[in-house]
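Trainee: Below: one structure in structure tokens.
The values are calculated or read from the model by the stated rules, or taken from the named source; none is laboratory data. Since the model is a prediction, treat every value here as computed from it, not as a measurement. Quick reminder, even Gly has a Cβ in these numbers, built from the backbone with ideal geometry, and neighbours come from all protein chains shown. Note: accessible area is taken over every heavy atom of the protein model, side chains too, but ligands, DNA and RNA are not part of it. Shrake-Rupley method; radii C 1.70, N 1.55, O 1.52, S 1.80 Å.
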Amino acid sequence: MQNTDKKAAVRPSQTVVTVESTNPRGRFECWVGFLLGLAGLIGSRLGELWIAFDVFSQFTLQFGVVTLGFLVGLIIPRVKIFTAFVVVIAGLAAIGAWPHLASRSPQNLGLATDKEREIKIASFNTLYENQNVDQVKAEIARIDADVIALIEFGPNKQSMLETLGQQYPHKAECFQEDYCQMAILSKHPIAKSLNKTNWDGPPMVVVEFGPELGNVTLFAAHTIRFPHARAQLRQVQAMSNYMDTISGRKILLGDFNATPFSRITRTIVAQTGLVRLTLLPSWPAQIVLPQFAIDHIFASPEIRMIEEETIGERAGSDHFPISMKLAIPKG
């Protein structure tokens, strides 16, 4: 029997070509994040057209961080979404750490001249329902400002003013007025004071100082907050119009529920001619790393800041107190 040789089947060699994806994983999501952040930044500028959009201005820094984070995610070749989220989280943490770091060693901008008087001024929203009375009292004493405005100073804290009398012998308050739980404590004599409540503007305490503090008039205010944007704008417009009727040097401070990027703060500056001196985030204090600068100090142009803004301890409040040193012209 003849054997038949079997020829082995020869398979042609196969070349495997790997085609790199033209749409790397996470690219679409990064585009969405980037465009959302960019839309937020654009929306934050639309408050000039419609005041309801001003809510977006409060998140200007956060929208900027989101935009940057997802832009980085778009640029790098791999782990796009993970990198974007890391950048965003780091950016938000940096915003919150900024006021703490700035307060460790505030920059000295100079000294008061012979024709100026140095003064330390502070504002502290103590939170109406805050039960940590002893901590609040200790923080007020520790700040040791020449003049301090206390906002949301609830009934449970008002008795401490007597025990602070040695440190602050002069005071003005509006505890008997509706929606005006505020006080101004001063180491220097108050020549005149008045309260403004139940009007178109925000609750205010107004005090006039004598020549010891350059005859300056100080206004402490607490505006309404989101979602009442229209009412908030009407309040600051009425407040600014009232302030224009008072001559001389002025300082305005308190809780304005608006960041430096808001139409609210820009309206105050534009209508009063005062200079906003504050920038550090002070709320919410419960998360330790605050995100929004809504507590502010404004002053007449001839009043100089000689030591930059700092924040203090929250003492149970949802705000960190803010303070700075100013030089006020004498006489």
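Trainee: Can you report the number of residues in segment 200-229 which are open to solvent by 70 Å² or more (accessible area, probe 1.4 Å) and either under 17 Å from Lys250 (Cα atoms) or at pLDDT below 95 (or both)?
Mentor: 7
Trainee: I would also like to ask the following. Open to solvent by 60 Å² or more (accessible area, probe 1.4 Å), out of contact with any Gly (no Cβ under 8 Å at 6 or more places or on another chain) and among the hydroxyl-bearing types (Ser, Thr, Tyr), is that true of Thr197?
Mentor: It is false that Thr197 is open to solvent by 60 Å² or more (accessible area, probe 1.4 Å), out of contact with any Gly (no Cβ under 8 Å at 6 or more places or on another chain) and among the hydroxyl-bearing types (Ser, Thr, Tyr).
Trainee: Regarding segment 179-192, can at least one residue be identified that is open to solvent by 30 Å² or more (accessible area, probe 1.4 Å), modelled with pLDDT of 95 or more, under 19 Å from Gly248 (Cα atoms) and in a loop (DSSP other than H, G, I, E, B)?
Mentor: yes
Trainee: Limited to segment 114-143, what total is found for residues that are open to solvent by 70 Å² or more (accessible area, probe 1.4 Å), under 24 Å from Phe209 (Cβ atoms) and in a loop (DSSP other than H, G, I, E, B)?
Mentor: Within segment 114-143, residues that are open to solvent by 70 Å² or more (accessible area, probe 1.4 Å), under 24 Å from Phe209 (Cβ atoms) and in a loop (DSSP other than H, G, I, E, B) number 2.
Trainee: Report, by residue number, each residue of segment 173-202 that is under 20 Å from Ala145 (Cα atoms) and among the hydrophobic types (A, V, I, L, M, F, W, C).
Mentor: Met182, Ala183, Ile184, Leu185, Ile190, Ala191 - these are the residues of segment 173-202 that are under 20 Å from Ala145 (Cα atoms) and among the hydrophobic types (A, V, I, L, M, F, W, C).
Trainee: Continuing with the same structure: Looking at segment 68-82, can you tell me whether even one residue there is under 19 Å from the mean Cα position of the chain (by Cα), not small (Gly, Ala, Ser) and not in a helix (DSSP H, G or I)?
Mentor: No, the conditions are met nowhere in segment 68-82.
Trainee: Still on this structure, I have one more. May I ask you to verify whether Leu279 is open to solvent by 60 Å² or more (accessible area, probe 1.4 Å), of a type in the set (A, V, I, L, M, F, W, C) and within 21 Å of Ser240 (Cα to Cα)?
Mentor: Criteria met by Leu279.
Trainee: Just checking, which of Ile306, Ile297, Ile328 is in contact with a Ser or Thr (Cβ under 6 Å, 6 or more places away or on another chain) and among the aliphatic types (A, V, I, L, M)?
Mentor: Ile297
Trainee: For Leu289, which of the numbered conditions (1) at pLDDT 95 or above; (2) closer than 30 Å to Glu212 by Cα; (3) out of contact with any Asp or Glu (no Cβ under 7 Å at 6 or more places or on another chain) fails to hold?
Mentor: The number of the failed condition is (2).
Trainee: Another question, then. If you take just the strands (runs of 3 or more DSSP E) that sit entirely in segment 222-331, which of them hold at least 1 residues that are among the acidic types (Asp, Glu)?
Mentor: Correct list: 250-255, 295-299, 304-311.
Trainee: Take the conditions touching a residue at least 24 places away in the same chain (Cβ under 8 Å), acidic (Asp, Glu) and open to solvent by 10 Å² or more (accessible area, probe 1.4 Å) and apply them to Asp146. Does it pass?
Mentor: Taking the combined requirement at face value, the residue satisfies it.
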